[in-house]
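Enquirer: Questions regarding the structure given below will be posed in turn.
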Amino acid sequence: MDSPAPFAPDRFLVAAGLSDDAVLAYHSALELLGFAHSVHRDVYYLTAKRRKDLRLPDGRVRTLLPPKSLRDRQASHYGVETRERLGVKVRVTGPERTLVDCFAVPRYAGGLEEVMESGRAIAVLDLEVLGTYLDLLGERRLFAVLGFFLEQQARRLFVPPAFLERLERKRPVSKIYLDKHQRGGRLVRRWNLVVPERWLTGREVGERV
C-alpha cells in the first residue's frame, strides 16, 4: 500500500497566521488577487514585528516591515483589504497598493518583467486610493513609474488626463531609470524616465540613452 502524501499546509494561510497584524503583500498579493503572471514559491507578508523567515518544504515565508514612510504616519494598513482564502479571511494589500509596492520593490515581486505583465492583468483601479498611497510614500520615482505605466494603460483602466497630470507634477526633476539595474533605453520626457525599448508601445518618443 502506498503511503499517504505528506500534509502540505496552504502557504498563504501559514503566513497570515504568523502574526495578528499580518498582511500578505508583493507577489503573494498578486497571486491572491488573481493578477500574477507566474507562481512563486516564497510568500511575503508585512508585520510590525520582526521575525525570522520560516522555511516550508517548497519555499519560504518571508517577513517584511511596512515602508518606513507609512510607519511614520501610522498608515501601515492603508490600502489593505480582507479576502477569503479556503474559507479563511486574510488581509492582503489591495490592487492599488499592490501595484505600487511591486514597482517600488520589484525583487519581492519576481522582477520588473513580472510586475509589468501582472499589472496588465488588473482590470479596475481606484485612482484616488492609488494617488493617496503615492502621496503617503512620497517617492518621486514612483510618481514617474506609475505615471508611465498608467499612461500606457489609460484607455483600458479609464485613467483621465487630469490624473496623469497630477502624477506628472510630482515626477523627478532629473531623469531616472525604470530598471535601476539596467542602462540604456529611451528617455520618456514626460516622466523623466529611461525605459527599456521592449516596454515602449510606439507612441512614446524619446532619445536613446
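Enquirer: Could you compute the FRET efficiency for T132 and D20, with r as their C-beta to C-beta distance and R0 at 22 Å, rounded to 0.05?
Expert: Working: r = 26 Å, r/R0 = 1.16.
The computed FRET efficiency comes out at 0.30.
Enquirer: How about region 128-170: which chymotrypsin sites (Phe, Trp or Tyr not before Pro) there are in a DSSP loop, with at most 11 other Cβ atoms within 10 Å of their Cβ? All intermediate terms of the calculation are to be shown ahead of the outcome.
Expert: Working: sites: Y133, F143, F148, F149, F158, F163; in loops: F158.
Here the chymotrypsin sites (Phe, Trp or Tyr not before Pro) that fit, given the DSSP loop and packing criteria, are F158.
Enquirer: With an 8 Å cut-off on Cα pairs and a minimum separation of 6 or more residues, tell me the relative contact order of the chain in percent. Spell out each step's value before the answer.
Expert: Values: 313 pairs, mean separation 30.3, N = 209.
Computed over the chain, the figure is 14 percent.
Enquirer: Quick check on my link table: of K49/K180; K68/K180; K68/K170, which ones sit more than 23 Å apart, alpha carbon to alpha carbon? Mind showing how you got there, number by number?
Expert: Values: K49/K180 29 Å; K68/K180 21 Å; K68/K170 20 Å.
In this structure, K49/K180 exceed 23 Å between Cα atoms.
Enquirer: Between A144, A162, A154, which gets the highest mean-square fluctuation from a Gaussian network model of the chain, Cα cutoff 10 Å?
Expert: Sorting by GNM fluctuation, first place goes to A162.
Enquirer: So which helices of the chain fit the span-like rule, where a helix is a whole DSSP H run, its Cα atoms reach 20 Å or more along the axis, and its mean Kyte-Doolittle is at least 1.6? Working shown, then result.
Expert: Details: long enough: none.
Once both thresholds are applied, nothing remains.
Enquirer: Then there's this: Determine the gain in length on full extension of the stretch D58-K180; use 0.36 nm per residue of separation and subtract their C-alpha separation, reporting nm with one decimal.
Expert: Values: separation 122, 0.36 × 122 = 43.92 nm, distance 2.98 nm.
Extra length from D58 to K180 when fully extended: 40.9 nm.
Enquirer: Just to check I understand the Karplus step: with θ = phi - 60° and J = 6.51 cos²θ - 1.76 cosθ + 1.60, what whole-Hz values come out for region 48-61, glycine and proline as x?
Expert: Those phi angles translate into 7, 9, 6, 9, 6, 4, 9, 8, 10, x, 10, x, 10, 9 Hz.
Enquirer: Search the structure for amide H atoms under 5 Å from the amide H of L56, placed 1.01 Å from N in the peptide plane, and list their residues when 5 or more places away or on another chain.
Expert: Those qualifying (amide H under 5 Å, at least 5 residues apart or on another chain) are V61.
Enquirer: Now for a different question. Looking at V14, L112, L125, which one has the Cα that reaches farthest to the positive end of the dipole of the chain (charges on Cβ: Lys, Arg +1; Asp, Glu -1)?
Expert: Farthest towards the positive end: L112.
Enquirer: Also, quick follow-up: Given 25 °C and 0.890 mPa s, compute D for region 140-196 with the Stokes-Einstein relation, Rh being the Kirkwood radius over Cα pairs; round to the nearest whole µm²/s.
Expert: On the way: Rh = 11.3 Å.
In µm²/s, the coefficient rounds to 216.
Enquirer: Hey, another quick one. Among (1) 29, 18, 15; (2) 25, 24, 15; (3) 33, 19, 16, find the value of semi-axes √(5λ) of the Cα gyration tensor in Å that was calculated from the structure presented, and write down its label.
Expert: (3)
Enquirer: Springs between alpha-carbon pairs under 10 angstrom, Gaussian network model over the chain: which of S69, S38, S174 fluctuates most?
Expert: S174
Enquirer: Taking the beta-carbon count within 10 Å as an exposure proxy, list V14, V188, V145 from fewest neighbours to most.
Expert: Numbers: V14 15, V188 22, V145 26.
Going from sparsest to densest Cβ surroundings: V14, V188, V145.
Enquirer: For the pair E197 and R73, what calculated FRET efficiency results from E = 1/(1 + (r/R0)^6), where r is the Cβ-Cβ distance and R0 = 35 Å, to the nearest 0.05?
Expert: Details: r = 38 Å, r/R0 = 1.08.
E between R73 and E197, to the nearest 0.05, is 0.40.
Enquirer: Let me ask another. Pick from K180, K49, K170: which residue has the top mean-square fluctuation in a GNM of the chain where Cα pairs under 10 Å get a spring?
Expert: Looking only at K180, K49, K170, the largest GNM fluctuation is found for K180.
Enquirer: Enter the mean projected area of the convex hull around the alpha-carbon atoms of region 7-123, in nm², rounded to one decimal. Each step should come with its number before you reach the end.
Expert: On the way: hull surface 28.3 nm².
In nm², the orientation-averaged hull projection of region 7-123 is 7.1.
Enquirer: Quick one: which residues, 5+ away or cross-chain, put their amide H under 5 Å from the amide H of R85? H built at 1.01 Å from N.
Expert: V90
Enquirer: How many angstrom separate the Cα center of region 156-196 from the Cα center of region 90-108?
Expert: 19 Å
Values in this text are rule-based calculations from the coordinates and carry no lab data. This structure is a prediction, so every number in the text was calculated from the model and none was measured. Every residue, glycine among them, receives a Cβ derived from its backbone with ideal geometry; neighbour counts consider all protein chains shown.
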